[in-house]
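Colleague: The structure is given below, and queries will be raised subsequently.
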Amino acid sequence: MQYPHGTTIAVTDGQKLRLFRNTGDESHLQLLESPPPDIEGHNKGSGRRHHNSPGNPDPSRQEEDSYSSAVADWLNEQVLAGKIGPIYIVAPPRALGELRRHYHTTLKDKLLGELDKEHTNDTVEVLHQALTHA
């Protein structure tokens, strides 16, 4: 896959968000990590479909879904404000599913693709390799 210069790579897992920009060109991916934004889960209603039982929801799963919802909201705001252009999202399948529920139409238009793998705690080199083989 090719990533145009300036593409934002958002890597998240339901607990943290890492942001990278491609400072290279389409032929040579070069990842520069940005400071993480301050995001806190806010949508406690998100993830209600993931109850362990009707009377006993799994709190950790609700927190992850809440965080993923907040990440999607933040990404939507950044795209709508023109601060993020082309974007590629990397997240494990469950987090990616929650993110997709909250994508704004404009974010969908800017989305180059998604990688449904866990890379949040990987080094830049490992992430680079995963992205070049995506």
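Colleague: What's the Kirkwood radius of the chain in Å, using all Cα pairs?
Modeller: For the chain, inverting the mean 1/r across all distinct Cα pairs yields 15.1 Å.
Colleague: Sort 27, 66 by accessible area with a 1.4 Å probe, largest first. Present the calculation step by step, with values, prior to reporting the outcome.
Modeller: Working: 27 85, 66 0 Å².
Ranked list, largest accessible area first: 27, 66.
Colleague: Sticking with this structure for a sec: Cross-link candidates for residue 117: which aspartates and glutamates have Cα within less than 13 Å, leaving aside residues fewer than 8 places away along the same chain?
Modeller: 13
Colleague: Answer rounded, prolate or oblate for region 55-129, using the Cα gyration tensor with square roots of eigenvalues a ≥ b ≥ c: rounded when a/c is under 1.5, else prolate when a/b is larger than b/c, else oblate.
Modeller: Working: a/c = 2.22, a/b = 1.20, b/c = 1.85.
Oblate, since a/c reaches 1.5 and b/c is not below a/b.
Colleague: Please compute, over every Cα-Cα pair in region 60-102, the percentage with a separation greater than 15 angstrom.
Modeller: Result: 41 percent of Cα pairs exceed 15 Å.
Colleague: Could you please state how large a percent of the accessible area of region 1-42 is carbon and sulfur, counting protein chains only and using a 1.4 Å probe?
Modeller: That fraction is 46 percent.
Colleague: Please list 112, 80, 96, 29 from largest to smallest accessible area, probe radius 1.4 Å, with all protein chains kept in place.
Modeller: Ranked list, largest accessible area first: 80, 112, 29, 96.
Colleague: Could you please put 18, 101 in sequence from largest to smallest accessible area, using a 1.4 Å probe?
Modeller: Sorted by accessible area, descending: 101, 18.
Colleague: Write down the accessible area per residue of the chain in Å², having rolled a 1.4 Å probe over the full set of protein chains.
Modeller: 53
Colleague: If you take every residue apart from residue 64 with its C-beta less than 10 Å away from the C-beta of residue 64, what net charge results, scoring Lys and Arg +1 and Asp and Glu -1? Spell out each step's value before the answer.
Modeller: Details: positive: 61, 94; negative: 13, 58, 63, 65, 98.
So the surrounding residues net to -3.
Colleague: Another question, then. Tell me whether region 85-134 comes out rounded, prolate or oblate; compute the Cα gyration tensor, take square roots of the eigenvalues as a ≥ b ≥ c, and use a/c under 1.5 as the rounded threshold. Don't skip to the answer; put the middle values down first.
Modeller: On the way: a/c = 2.68, a/b = 1.52, b/c = 1.76.
Oblate.
Colleague: Round to the nearest 10 and report in Å² the accessible area of residue 83, as given by a 1.4 Å probe over the protein chains' heavy atoms.
Modeller: Here the accessible area works out near 130 Å².
The values are calculated or read from the model by the stated rules, or taken from the named source; none is laboratory data. Worth saying up front: this structure is predicted, and the values here are computed from it rather than measured. Neighbour counts are summed over all protein chains in view; Cβ atoms, including those assigned to glycine, are modelled from backbone coordinates with ideal geometry. Calculation scope for accessible area: heavy atoms of the full protein, side chains included, ligands and nucleic acids excluded. Shrake-Rupley method; radii C 1.70, N 1.55, O 1.52, S 1.80 Å.
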